Amino acid sequence: MKLRTKYALVTGSSSGLGLEIAQYLLEEDYIVFGASRSGTEIDHGNFIDLDCDVTKDTSVQSMFDEIGKETYGLNLIVNNAGIFEMGSVVNMSSEVFNAHLETNVLGPFHVLKYGHDFLIENITHIIHLSSIAGKRGFENVSAYCASKFALNGLIESCREEWKSLGVRFSTLSPGAIDTPIWENISDDFERSKMLDPDDFIHVFEMVVKSPPNMQFSDINFLHKSGVLG
Ligand SMILES: NC(=O)c1ccc[n+]([C@@H]2O[C@H](COP(=O)([O-])OP(=O)(O)OC[C@H]3O[C@@H](n4cnc5c(N)ncnc54)[C@H](OP(=O)(O)O)[C@@H]3O)[C@@H](O)[C@H]2O)c1
């Protein structure tokens, strides 16, 4: 099997930023593997929709088995799938708190663990979706903040472990972006004070098209009105 073109994996491709990223990469002539539980309506010859629950070890292994039928290497891995719920420490259930850790930390861990076999030395670029909530606390956002702080620790450690491979790790830490992730949040945050997905793609494109000797250890960006809340 030869590497004819550029291959990308995007987790969480069924909605929001993952969907935008997948569509952007298709326009840039990547063959895109999209992973999610609910699937994507993208109708494009270079898009391969894969059923995957990133919280499940075996589901992520099966996903990579499918990818292995198409290519031996990935030029780009976008660890994007994530969940966000709000609730006070006192009122939040252990299940919801744990779901944040399972999706936002264990999920990316599974993708890195089993994605290792698909790294192309000196080529693969691994991009993570962290958050401004991985830098500071917010009222009623403890589960999400805890998960994004932990994700940053995972990324920083893996970058050190894989240094000799010459792969790149870039982390995006945006403020609020107007995507479906906000739909189930009861607090009425002003959408006009959020970035929109096009703003996000502007930054994403800069990272993806950067010279191959560069990585972005952490890019913070947010709406000009400041932190939401
Ligand atoms: N929007 C923001 O304000 C914002 C700001 C900073 C960072 N982020 C980060 O950006 C990423 C994408 O967020 P978004 O705003 O695009 O959210 P979104 O619209 O809710 O999309 C989340 C995606 O994650 C997938 N996902 C969730 N759990 C999954 C699981 N167990 N296995 C596989 N896929 C799963 C969902 O697919 P299925 O449900 O189909 O599985 C969906 O495609 C997240 O990591 C989020 O933390 C978002």
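Per DSSP H run of n ≥ 4, the term is -39500 (n - 2.57); total these for the chain, divide by its residue number, and report the mean residue ellipticity at 222 nm rounded to 500 deg cm²/dmol.
After summing the helix terms and dividing by the residues of the chain, the value is -10000 deg cm²/dmol.
Can you compute the equivalent ellipsoid semi-axes for the range 7-220, i.e. the square root of 5 times each eigenvalue of the Cα gyration tensor, sorted largest first and rounded to whole Å?
So the three semi-axes of the range 7-220 are 26, 19, 18 Å.
Pop a pseudo-label 7 angstrom from the Cα along the beta-carbon direction at both residue 213 and residue 183 and give the gap in nm to one decimal.
4.6 nm
Which one of 82, 34, 153 has the biggest mean-square fluctuation once the chain is modelled by GNM with Cα springs under 10 Å?
Taking springs between Cα atoms under 10 Å, the residue moving most is 153.
Pick from 98, 79, 184: which residue has the top mean-square fluctuation in a GNM of the chain where Cα pairs under 10 Å get a spring?
Top of the fluctuation ranking is 184.
Would you please classify the overall shape of the range 70-151 from the alpha carbon gyration tensor, given that a ≥ b ≥ c denote the square roots of the eigenvalues, rounded means a/c under 1.5, and beyond that prolate means a/b larger than b/c while oblate covers the rest?
prolate
Roughly what would the spin-label model give for residue 224 and residue 205, points 7 Å off Cα along C-beta, in nm?
1.9 nm
Can you list which of the DSSP-assigned H helices in the chain have a Cα extent of 15 Å or more along the long axis and an average Kyte-Doolittle score of at least 0.5?
16-27, 197-208
Tally Lys and Arg at +1 and Asp and Glu at -1 over the other residues with C-beta under 13 Å from the C-beta of residue 195: what net charge comes out?
In short, -3.
With the other protein chains left in place, how much accessible area per residue, in square angstrom, belongs to the range 7-220 at a 1.4 angstrom probe?
Per residue, the range 7-220 has an accessible area of 47 Å².
Using DSSP loop states and a limit of at most 12 other Cβ atoms within 10 Å to flag trypsin sites (Lys or Arg not before Pro), what is the longest stretch of the chain containing no flagged site?
In the chain, the maximal stretch lacking such sites is 137-208.
If each of residue 5 and residue 198 carries a label point 7 Å out from its Cα toward its Cβ, how far apart are those two points in nm?
2.6 nm
Counting only C-alpha contacts under 8 Å and six or more residues apart, can you give the relative contact order of the range 7-220 as a whole percent?
Taking the mean separation of contacting Cα pairs over the length of the range 7-220, I get 19 percent.
Name all residues of the range 130-171 having a backbone nitrogen under 17 Å from the label point set 7 Å from the Cα of residue 94 along its Cα→Cβ direction, giving them as ranges.
The answer is 143.
Once you've got the Cα coordinates, tell me which of 163/209; 56/193; 6/193 are over 26 Å apart.
Exceeds cut-off: 56/193; 6/193.
Over all pairs of distinct alpha carbons, what does the Kirkwood formula give as the hydrodynamic radius of the range 1-73, in Å?
12.2 Å
The values are calculated or read from the model by the stated rules, or taken from the named source; none is laboratory data. These numbers come from a predicted model, not from an experiment. Glycine also receives a Cβ, built like all others from the backbone with ideal geometry; neighbour counts cover every protein chain displayed. Remember, those area values only see protein heavy atoms, side chains included, never the ligands or the DNA or RNA. Shrake-Rupley method; radii C 1.70, N 1.55, O 1.52, S 1.80 Å.
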